[in-house]
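To start, the structure under review is shown below, and the notes come after it.
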Amino acid sequence: MKNRIKVYRAMHDLTQEALAERLGVTRQTIIAIERGKYNPSLELAFKTARIFGVTIEDLYEYEETKSGDDKS
Amino acid sequence: MKPTTYWILLLLIAVAVGFVVSTAALAGNVGLAIAATAAAVAFAFIGRRFLDRVVEDERSVQISGQAAMRTLEIAIVAGLFLAAALLATAGSAPGMMSNHYSNGTINLSFFQKDSAGGIAALNSHQINLSGNMTLDDLFAFHQFISEAESPTAYAGLIGYEMMWAAFLIVILYGALYLYYSRKYGS
């Protein structure tokens, strides 16, 4: 799953640490999401979208994999 | 409290509780061991409340869940293999027969079941109990103790215990799986 968190974070002048604090997660989680290594839960995805004032679709883009399952 | 300080605190608590529990276990004081463990859990819990940053979130829960799952699989498979190996190499504890003689000597004979189910005589020791023990008698005593405490006799016991431990872990896993399965609605 692709995401544009890094872009929106830069637009809102937020550091990874600040975003992590607002979301109630660790900075490592933000790093993992930005790198596409970890797919956040729906709750975390909604929270992130709400912080940036956008929809989930603006932040995350679902890509179908060959096997049909996603890494998380 | 910073996360690093919290991890150092946890490490110190673990070292302290390890020391107290081992000392209590050696002294046979089960109460102290339980109290020390409970105190350690309480300290860790209190320390967690003073954290100024998040140290656990959905990602870390997922990571620890997967790590726990792999640990469980590896531990059960390795435990069962080890148990099977121990049971295969185990010998039964040697049996003993004693004959007393009127001249004050005692004859200790050891025998053991072999893999075919037969009984094999291991050894026989003549020990003089009349008051003037010789070096040979002492050697016979030594043989008696070492044969009675043969490591192969314990291998089977350890193998059985490991098998039961693996079985109990699987049962516990099943029970917890059912619990979480109900909790999350399936």
Go through segment A:1-59 and tell me which helices (runs of 4 or more DSSP H), entirely inside it, have 2 or more residues that are of a type in the set (Asp, Glu).
A:16-23, A:56-59
In segment A:6-15, is there at least one residue being within 14 Å of chain B (Cβ to nearest Cβ), under 10 Å from the mean Cα position of the chain (by Cα) and of a type outside the set (D, E, K, R)?
no
Between a first residue in segment A:6-22 that is more than 20 Å from A:Lys37 (Cα to Cα) and a second residue that is part of a helix (DSSP H, G or I), which pairs have beta carbons less than 8 Å apart while being 6 or more apart in sequence or on different chains?
A:Met11/A:Phe52; A:His12/A:Ile51; A:His12/A:Phe52; A:Leu14/A:Arg22; A:Arg22/A:Ile51
In segment A:44-64, is there at least one residue being within 10 Å of chain B (Cβ to nearest Cβ) and modelled with pLDDT under 90?
no
Only one of B:Ala93, B:Ala165 is of a type in the set (A, V, I, L, M, F, W, C), surrounded by 12 or more Cβ atoms within 10 Å (Cβ to Cβ), under 25 Å from B:Phe81 (Cα atoms) and at pLDDT below 70. Can you tell me which?
B:Ala93
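Yes/no matrix, rows are residues, columns are (1) surrounded by 14 or more Cβ atoms within 10 Å (Cβ to Cβ); (2) within 14 Å of another protein chain (Cβ to nearest Cβ); (3) in a loop (DSSP other than H, G, I, E, B):
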residue: B:Ala36; (1), (2), (3): yes, no, no
residue: B:Ala40; (1), (2), (3): yes, no, no
residue: B:Phe45; (1), (2), (3): no, no, no
residue: B:Leu51; (1), (2), (3): yes, yes, yes
residue: B:Ser64; (1), (2), (3): no, yes, no
residue: B:Ala67; (1), (2), (3): no, no, no
residue: B:Thr71; (1), (2), (3): no, no, no
Restricting segment A:19-38 to residues that are surrounded by fewer than 18 Cβ atoms within 10 Å (Cβ to Cβ) and farther than 12 Å from B:Arg53 by Cβ, which is nearest to the other protein chains (Cβ to nearest Cβ)?
A:Ala32
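The values are calculated or read from the model by the stated rules, or taken from the named source; none is laboratory data. Because the structure is a prediction, the values reported are computed rather than measured. Every residue, glycine among them, receives a Cβ derived from its backbone with ideal geometry; neighbour counts consider all protein chains shown.
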